[in-house]
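Peer 1: Next up is a structure, given as structure tokens.
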Amino acid sequence: MKVQIYGDSLMKGVLVDENFKYKPVAGKLLQELTAITGVETVNRAHFGYTVDKGQAVLRKDLQKGLDCDIAVIEFGGNDCDFNWSEVARAPESVHHPHTPIGQFLDAVTQMAKSLKDAGVKPVLMSLPPLDAQRYLNFIGRLGNNTANILHWLGDVNRIYRYQEMYSNQISRLAAKLNLPLIDVRSRFLDRRDCGQLIARDGIHLTEAGYRLLLDEARLTLAGMSAY
């Protein structure tokens with residue numbers, strides 16, 4: 001089985017060290033996946049990508065000819081995020097996410113259709129939960145006024161709820177389009193050590209978290225290969 005991955009830094013697999021510097025780990029984990037299962041992977045995920053940028057990468061790959069059986073689509077984490085510097089400067093103003101939910105779902109739907117037309121099976125992925133307080137602290141480390149941001153939010157857990165809304169919509173879209181779903185979120189939420197699987201910045205994962213994500217992906221893909 002050949003699998004191509006389209007996503008953001010979550011699928012790029014970056015670890016956060018004690019100085020909040022990022023280092024990649026996905027290459028090592030995907031090599032382990034290949035060794036264990038024989039699944040070949042090509043990782044086309046990019047740090048900081050929203051779905052529109054991922055769609056552009058997919059479009060170029062399709063034009064060149066996509067040589068894979070399955071394509072995993074993982075976006076939403078950056079799409080549901082806000083320009084926190086602008087929020088901090090104007091906490092009384094209206095602010096919108098990088099990709100509004102309707103536009104986001106349309107783009108994922110178009111990506112899935114393009115893959116189907118090319119004879120490639122699309123697979124969607126839900127988002128692992130974030131830690132809202134850790135993420136707000138991280139935003140503050142970047143020089144933003146977190147008091148203003150918190151005023152605009154209303155409460156810190158609105159960050160979590162907004163991200164969960166996008167993840168829930170991904171799951172619903174998978175059901176609507178009759179597509180397989182790698183339900184990472186449910187796997188994480190069921191763990192009593194969920195907080196230990198989320199990185200210092202509140203949005204990426206620890207190595208244990210990435211291994212859990214990869215295991216859920218492996219189980220989903222194994223189920224698909226049985227048919």
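The values are calculated or read from the model by the stated rules, or taken from the named source; none is laboratory data. This one's a predicted model, so the numbers in the text were calculated from it and none came from an experiment. Because the Cβ atoms are built from the backbone with ideal geometry, glycine has one as well, and the counts that use them run over all protein chains shown. When the accessible area is computed, the model is the full protein with side chains, heavy atoms only, and any ligands, DNA or RNA have been set aside. Shrake-Rupley method; radii C 1.70, N 1.55, O 1.52, S 1.80 Å.
Peer 1: Give me the pairs, please: first residue somewhere in region 22-35 and over 12 Å from L10 (Cβ atoms) and touching a residue at least 12 places away in the same chain (Cβ under 8 Å), second residue anywhere and surrounded by fewer than 17 Cβ atoms within 10 Å (Cβ to Cβ) and among the basic types (K, R), beta-carbon distance under 7 Å, and either six or more positions apart or on two chains.
Peer 2: Pairs found: L29/R211; L33/R218.
Peer 1: Outside any loop (DSSP other than H, G, I, E, B), among the aliphatic types (A, V, I, L, M) and under 14 Å from the mean Cα position of the chain (by Cα), is that true of I170?
Peer 2: Yes, satisfied.
Peer 1: Here's another thing I want to ask about it. For region 184-219, give me the residue count where each residue is open to solvent by less than 50 Å² (accessible area, probe 1.4 Å), out of contact with any helix residue (DSSP H, G or I) (no Cβ under 7 Å at 6 or more places or on another chain), of a type in the set (D, E) and in a loop (DSSP other than H, G, I, E, B).
Peer 2: Summing the residues that are open to solvent by less than 50 Å² (accessible area, probe 1.4 Å), out of contact with any helix residue (DSSP H, G or I) (no Cβ under 7 Å at 6 or more places or on another chain), of a type in the set (D, E) and in a loop (DSSP other than H, G, I, E, B) in region 184-219 gives 1.
Peer 1: Which residue out of E74, E92, E40, E86 is touching a strand residue (DSSP E or B) at 6+ places or on another chain (Cβ under 7 Å) and farther than 22 Å from P128 by Cα?
Peer 2: E40
Peer 1: Now, a different point. Could you run through region 47-89 and say how many residues are hydrophobic (A, V, I, L, M, F, W, C) and in contact (Cβ under 8 Å) with a residue 60 or more places away in the chain?
Peer 2: Result for region 47-89: 12.
Peer 1: Scan region 85-104 and give yes if some residue there is within 19 Å of G209 (Cα to Cα) and aromatic (F, W, Y), otherwise no.
Peer 2: no
Peer 1: Within region 52-69, how many residues are open to solvent by 30 Å² or more (accessible area, probe 1.4 Å) and farther than 16 Å from V120 by Cα?
Peer 2: 3
Peer 1: Take region 70-97 and flag every residue that is part of a loop (DSSP other than H, G, I, E, B) and either at pLDDT below 95 or surrounded by fewer than 16 Cβ atoms within 10 Å (Cβ to Cβ) (or both).
Peer 2: Those that are part of a loop (DSSP other than H, G, I, E, B) and either at pLDDT below 95 or surrounded by fewer than 16 Cβ atoms within 10 Å (Cβ to Cβ) (or both): N83, A90, E92, S93, V94, H95, H96.
Peer 1: From the list G27, G48, which residue is within 11 Å of the chain's Cα centre (by Cα) and not hydrophobic (A, V, I, L, M, F, W, C)?
Peer 2: Criteria check complete, one pass: G48.
Peer 1: Return the residues of region 106-128 that are part of a loop (DSSP other than H, G, I, E, B) and surrounded by fewer than 19 Cβ atoms within 10 Å (Cβ to Cβ); say none if nothing qualifies.
Peer 2: Selection gives A118, G119.
Peer 1: Restricting attention to region 173-214, which residues are without any contact (Cβ under 8 Å) to a residue 12 or more places away in the chain and either within 17 Å of the chain's Cα centre (by Cα) or over 25 Å from A132 (Cβ atoms) (or both)?
Peer 2: A175, K176, N178
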